[in-house]
Amino acid sequence: MTEKTIKVKIFRYDPSVDTEPLFKEYSVPFEQGMSAMNALDYIYQNLDSTIAYYDHAGCCLGICGRCTGKVNGKSGLLCQALVEDDVVLEPINMSRVIKDLVVTRSES
Amino acid sequence: MAYDSLETDVLVIGGGGAGFRAAIAAREKDADVLLMSKGPLARCGASPMAGADFTLDGHSLNKLGLTGDPNDSMEKVFNDIVTQGFYLNNQKMIDHYVHRAPELLKDMLDWGLDYYFSDQRAVFTSGIHIMDVLLKKARSAGVKMLEDVMLLDLAVQDNTVKGVLALDIKSGKFMHLRAKSIVMATGGWHKAFWPNTGMRDLSGDGVAAAYRAGASLGNMEFITFCCNVFYHPPIWRGSLAPYILSLLCGGLLTNSQGQDILKPYDEYTVKIGTTSEWNKTFLSYLTVREAKEGRGCAHGGVHYSRGDVPMSTINMFAGMMFPNWKYKALDLTGWGKMLENNEPAEVGPAVEYFEGGILVNPQFETDIQGLFAAGECTTGLFGANRVFSAITEMLVQGLDAGQNAADYAMKIKGHNNMSNRLMDFERKAESHFANKTGINPAQIRREVQEKAHKYLGPIRNARELTDFIVFLESIKNNGIGNLHISSNSRAYNKEWIDALELPGIIHLLEAAARCALARTESRGTHFREDFPATDNDRWLKESVVSSAGGKLHVATRPVTVLSTPLPSGSMPYLEMMKKLMETHSDTGGHH
């Protein structure tokens, strides 16, 4: 097991309470071959369980496509984004946020 | 709390193949149909994750103009399903499966189903494609649909189903859905285990709600673990890619000491147990045996490498199944290099399919009037072990359940006002917000999942099952009522979802553990270290779980026999498995 930890910075916004979004940073133990979703799971289970990301029905294997977000500014599936160092996670569209990384579906 | 209210003739709960097929069938009988899906439409549950094969007898495949073994027959398929299920199957349900399968495949082809190829008795396509075909058909048939909506409880009056309380996950608003009949099609409960091979939505909400409302469950101890699933790295964990490749081209499985794990076993059993879908039960058992005897690898699995299979063979099959080493959006390029260098990847068993579930009669109606069920959430068809396709199961059962639910609904005038009952359910669901301190649902869920994987895996014993039941009881008594949710926001509250799913998960695990403890023999996917023989004299009977005075009660009932007589005598597990493999008909292929 490696001792390395990475900093995961996450967009946080609960429109029912917060006046504006903010970023929160978490320290996550690094594991070779981990995805952004694995980091989020660690944070939810161990550090901050108020965090929201689409996983109540996610496949985590790149099939359902519902975990689309931005990883270091680039859009992609959180479950298939390999994390190797400090990382910033944001929703795919800030104007459609329901909570944190979860957004309403686009019209298309 | 404000709620949205809807009425329908037939409510279908579940957005996988069984639910969609039931919805289409009910709609074609002119019933008003509403389908609620916990996740995205046609992209949740186990169906879109499937490989996927549709199995039926080769002769019928031929008649539909596809490649199939012309000498195969419905009788041969029937007998193979019985022996693969260790004779515990409900033979009436197998009869229904084999006879209905051809027309269901024809429907799918008429609606635009494409397939890669067909072999002796199976058509190979993909789960995603099957779901797209069903979604398109359901839309054109006029099925109304809800997505990201979760079942909380069933309202039942005089043992007759009246409606449900549901939660719109994204807004956090309750929904009151009134229905004249309901089809339960919520699939398995993979989420009770970690790791698993299913979507994250599969928490068995429908099976648990049906049980709470008074329906009996059966054969809960039989749980299929898929073998050779990626254990590492985390980004691939739970993927079936190595399972698929090893089934198609073979390879080498080694333990932490570098020994070939298949070597100690009977040659014939190894051959059938690695080249047919018997591999799930056989190899999962072998892998857990290695780990239990101290020869497991770093993450509790074994190593898979190509061994002496030439890279050209690997590339040929990989090119077909994972073009450019992409499996859906999963990037397996790194694994391709590992295979090339004959470097091992760690794989192991992960929960994949539940033979147990809600008991249904030949009309697919449960113990509760007006409540029907179809697909993986039911029990009976595959007995103690599934080798044939669950894709066929979901479609044939969805059709009948949907038609029967529509017939039932059409005889009923008007809807009952169930508001008071549904408001009680609302109060129960909201009670979690009242605790100012308590246990974190996220942590307790993970602890439950890991223990379930360990104690309810392919190899069990009385001591571990008893420990597990004590653990589950402690959570029931001290945990569930004391869950603390840190945020009061209703919209997409993950802790609340976990808190709402947990009681059902605990119930189902307890049902499985108690059935497994009661069954003092080894059969199908259930191996008992302390009772290592298949005991046909004492245990050729189904387990039945019912709620008696708020307590979980385990009993048995006779196996439903149609044409194949049941065997007698007792035999060591692997010898029994070999004998069953040997009775297979002369039709080839993976089934």
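The values are calculated or read from the model by the stated rules, or taken from the named source; none is laboratory data. Bear in mind the structure is a predicted one, so any value in this text is a computation, not a measurement. So basically every Cβ, Gly included, is an ideal-geometry build from the backbone, and we count neighbours across all protein chains shown. Just so you know, the surface numbers come from the protein's heavy atoms only, side chains and all, with ligands and any DNA or RNA stripped out. Shrake-Rupley method; radii C 1.70, N 1.55, O 1.52, S 1.80 Å.
Some observations on this one:
- The strands (runs of 3 or more DSSP E) falling completely within the stretch B:145-260 that include 1 or more residues that are modelled with pLDDT of 95 or more and assigned by TED's automatic domain parsing to the domain that holds B:HIS299 map to B:223-230, B:252-254.
- Single residue of the stretch B:64-80 satisfying the filter (assigned to a helix (DSSP H, G or I) and of a type in the set (A, V, I, L, M)) that is surrounded by the most Cβ atoms within 10 Å (Cβ to Cβ): B:VAL77
- The stretch B:206-237, residues that are among the hydroxyl-bearing types (Ser, Thr, Tyr) and open to solvent by 10 Å² or more (accessible area, probe 1.4 Å): B:TYR211, B:SER216, B:TYR231
- Members of the stretch A:74-83 that are in contact (Cβ under 8 Å) with a residue 12 or more places away in the chain and more than 21 Å from A:LYS99 (Cβ to Cβ): A:GLN80, A:LEU82, A:VAL83
- Count of the stretch B:471-514 residues which are in contact with a strand residue (DSSP E or B) (Cβ under 6 Å, 6 or more places away or on another chain), open to solvent by 10 Å² or more (accessible area, probe 1.4 Å) and assigned to a helix (DSSP H, G or I): 2
- The stretch A:1-41 - residue that is within 14 Å of chain B (Cβ to nearest Cβ) and open to solvent by 80 Å² or more (accessible area, probe 1.4 Å) and, of those, modelled with the highest pLDDT: A:LYS24
- Considering the stretch B:30-58, the residues that are within 28 Å of B:PHE388 (Cβ to Cβ) and away from every other protein chain (no Cβ under 14 Å) include one that is surrounded by the fewest Cβ atoms within 10 Å (Cβ to Cβ), namely B:PHE54.
- For the stretch B:449-485, the set of residues classified as within 14 Å of chain A (Cβ to nearest Cβ) and either touching a His at 6+ places or on another chain (Cβ under 8 Å) or closer than 20 Å to B:LYS428 by Cβ (or both) consists of B:LEU483, B:HIS484, B:ILE485, listed by residue number.
- Matching residues in the stretch A:81-108 - criterion: being surrounded by 21 or more Cβ atoms within 10 Å (Cβ to Cβ) and outside any strand (DSSP E or B): A:ALA81, A:VAL83, A:ASP100, A:LEU101
- Within the stretch B:316-346, the set of residues being within 14 Å of chain A (Cβ to nearest Cβ), outside any helix (DSSP H, G or I) and not charged (D, E, K, R) comprises B:PHE322, B:TYR327, B:ALA329, B:LEU330, B:LEU332, B:ALA345.
- Criterion (open to solvent by less than 30 Å² (accessible area, probe 1.4 Å), assigned to a strand (DSSP E or B), polar (S, T, N, Q) and over 30 Å from A:ARG12 (Cβ atoms)) met by exactly one of B:SER547, B:SER585, B:SER543: B:SER543
- Unique residue being outside any helix (DSSP H, G or I) and either among the hydroxyl-bearing types (Ser, Thr, Tyr) or open to solvent by 20 Å² or more (accessible area, probe 1.4 Å) (or both) when the list is A:GLY76, A:GLY69: A:GLY76
- Answer residue from the stretch B:420-452, given it is surrounded by fewer than 15 Cβ atoms within 10 Å (Cβ to Cβ) and of a type in the set (S, T, N, Q) and is nearest to B:LEU152 (Cα to Cα) among those: B:SER431
- If you go through the stretch B:263-295 and keep only what is free of Cβ contacts under 8 Å to residues at least 60 places away in the same chain and closer than 16 Å to B:GLU346 by Cα, you end up with B:LEU286, B:GLU290, B:ALA291, B:GLY294, B:ARG295.
- Yes/no for B:TRP194 being of a type in the set (A, V, I, L, M, F, W, C), within 18 Å of the chain's Cα centre (by Cα) and surrounded by fewer than 24 Cβ atoms within 10 Å (Cβ to Cβ): yes
- Residues satisfying the stated conditions in the stretch B:81-106, i.e. assigned to a helix (DSSP H, G or I), touching a Lys or Arg at 6+ places or on another chain (Cβ under 9 Å) and in contact (Cβ under 8 Å) with a residue 60 or more places away in the chain: B:ILE81, B:THR83, B:GLN84, B:LEU104
- Within the stretch A:55-95, the residues that satisfy the criterion of being under 13 Å from the mean Cα position of the chain (by Cα), under 22 Å from B:PHE230 (Cβ atoms) and either basic (Lys, Arg) or more than 8 Å from every other protein chain (Cβ to nearest Cβ) (or both) are A:ARG66, A:CYS67, A:VAL71, A:GLY76, A:LEU78, A:ALA81, A:VAL83.
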